[in-house]
Amino acid sequence: MFEPIVAAIFRREARRRMRLGSSAGIAPVPAEPVFLYLHVPFCEVLCPYCSFHRVRFEEGKVRRYFAALRQELRHYHARGFRFNGLYVGGGTPTVVPGELVETLGLVRELNPGLSDISVETNPKDLRDEVLDALVGAGVGRLSVGVQTFDDGLLAEMQRLEKYGDRAEILGRLAAAAGRFRTLNVDMMWNLPHQTEAMLEADVAAVIASPANQASFYPLMQAPASARKMARTMGVAPRRRLRDFYERILAHLRPEFTATSAWCFTRGAPGIDEYLVDNGEYVGLGSGAFGYVGGTVYATTFSLNSYVDRVEQGLSGVTGERPIGAREQMQYELLVRLFGLRLGRDRVRARYGRRFERGLWPELLAFRALGAIREDADGWSLTDRGMYLWVQMMSAFFESVNAFREQMRHQIRAELEDEAVGEALVPLAEIRHGPGRFKRAR
Ligand SMILES: C[S@@+](CC[C@H](N)C(=O)[O-])C[C@H]1O[C@@H](n2cnc3c(N)ncnc32)[C@H](O)[C@@H]1O
Ligand code: SF4
């Protein structure tokens, strides 16, 4: 009963916090290597429900973009940035596999200490030659966007024709079996016409598939994508959220074990989504985010401007927001507990006693709600808490989605082949600054 209230407060707060000002460029170089996120915003089909920054695939544009990405990587390296792990997301990073492989090679060459490499893709790209190239490039986690195995829902999502039906997707996943340390499938739930039976069939198909990790995302929306979806796929009722989530937990366990509130793994622990494991990360490419030295950064959403800036020796960063000490601790609480556990040693090392003194109202409220449990070593999420965290993380990502829509609205002429001119949300105040690299300390 209290969860919707907590989630609503959180939703309002998350929206307020997605206001970025102009940026003078990415932060001073961190003392230790940090995580790297690369954004590849190209897709062959623009799915109606998706608010990620993506544009229609055009080979020339893709090649130009990847060349700029590699140039930007060299700029960061020359400034002293070193990376310890890599996540390539999109869009669809595998749209031109050769470009991706060349870029992965460069990241590894510049960062010999790099450990995990994670790449997103879609079922159509699970072809032998692409899989071999990804394995050869050191990819340890391949994340495949399946969404659902229900052919009717796939058709509504405009994915059936391009990415294949249930049988084809299962066949393609079989081709990828055993090649990567972690083979993840991205699933979506609370789709407008999804029934309980369809959801349970999806969970059964995941268990029968060779995937050893599954991410179950609740449908997350932003104003423009919600309107587009209402016209094409229908409207998803939020009231089913708890029932659907409980069904996922009930049917996925014990075969899979939760590693975050919506990510589940079977067998030995694999490579997780980067958000939980990595405190700080640098985001490169157009429409990427970073979080370094207590500041959130966003890069330009204009692909043309991104390429121009890199060619002029600038970084892609155009927006930033410094995060206050209390908010940093709240972010730590949210993201770590999303990964199910927050160790006392970790927060003591980072914040001393300030963490428990500063966040006692939050910790008390979550304990009173039965969402978290405290022991000598720290805090962990209960099943009840997992559901609350799903709602809070959805609210967090929906605010990010709304921000993306605003940014895309500002460059609608460049994206003329897409229906993005419908974002009605008030524009956050973003002034595009020079985005030079700040001097390394
Ligand atoms: C950005 S996509 C990249 C992967 C690839 N392009 C694909 O779709 O197969 C990563 C995942 O985000 C999830 N996603 C996209 N739009 C979503 C939405 N509106 N709500 C929840 N999850 C979403 C999907 O599960 C998708 O596979
Ligand atoms: S869901 Fe994946 S394929 Fe569809 S538009 Fe979004 S990023 Fe592209």
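Data table
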read-out	value
Residue of E200, E320, E255 that the Gaussian network model of the chain assigns the largest fluctuation, springs spanning Cα pairs under 10 Å	E255
Virtual spin-label span in nm between R344 and A230, 7 Å along Cα→Cβ	5.0
Selection from S305, P322, P112, by position along the positive dipole direction of the chain (Cβ)	P322
Debye log10 I(q)/I(0) at q = 0.14 Å⁻¹ for region 20-277, Cα point scatterers	-1.01
Gain upon complete extension [N304, A204; 0.36 nm per residue less C-alpha separation]	31.6 nm
Helical mean residue ellipticity (222 nm; -39500 (n - 2.57) per DSSP H run of 4+; nearest 500) of the chain	-13500 deg cm²/dmol
Percent accessible area from carbon and sulfur atoms, region 67-122, protein chains only, probe 1.4 Å	46
Gain in span if fully extended, A155 to E196, counting 0.36 nm per residue against the direct Cα distance	12.9 nm
Order by protection proxy (mean Cβ within 10 Å, highest first), peptides 245-252, 90-97	90-97, 245-252
Heavy-atom accessible area per residue - region 20-277, 1.4 Å, Å²	36
Within a Gaussian network of the chain (alpha carbon springs, distance under 10 Å), most fluctuating of V400, V135, V317	V135
Förster-model FRET efficiency, 25 Å R0, S115 and A177, C-beta, rounded to 0.05	0.60
Separation between Cα centres of region 92-118 and region 301-334, rounded to whole Å	21
Region 20-277, dipole about Cα centre (Lys/Arg Cβ +1, Asp/Glu Cβ -1), debye to the nearest 20	660
Signed unit charges on C-beta, dipole axis of the chain, positive-most listed residue G171, M393, I26	I26
Unit charges at the beta carbon, dipole of the chain: most positive-side option, F244, Q221, G138	Q221
Non-local Lys pairs in the chain, i.e. 8 or more apart or on different chains, that have alpha carbons under 26 Å apart	6
Only Lys, Arg (+1) and Asp, Glu (-1) charged, at Cβ; the chain dipole about Cα centre in debye	1680
Pairwise Cα inverse-distance average, inverted: Kirkwood Rh of the chain (Å)	22.3
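The values are calculated or read from the model by the stated rules, or taken from the named source; none is laboratory data. This one's a predicted model, so the numbers in the text were calculated from it and none came from an experiment. With ideal geometry, Cβ positions are generated from the backbone for all residues, glycine too; neighbour counts draw on all protein chains shown. Calculation scope for accessible area: heavy atoms of the full protein, side chains included, ligands and nucleic acids excluded. Shrake-Rupley method; radii C 1.70, N 1.55, O 1.52, S 1.80 Å.
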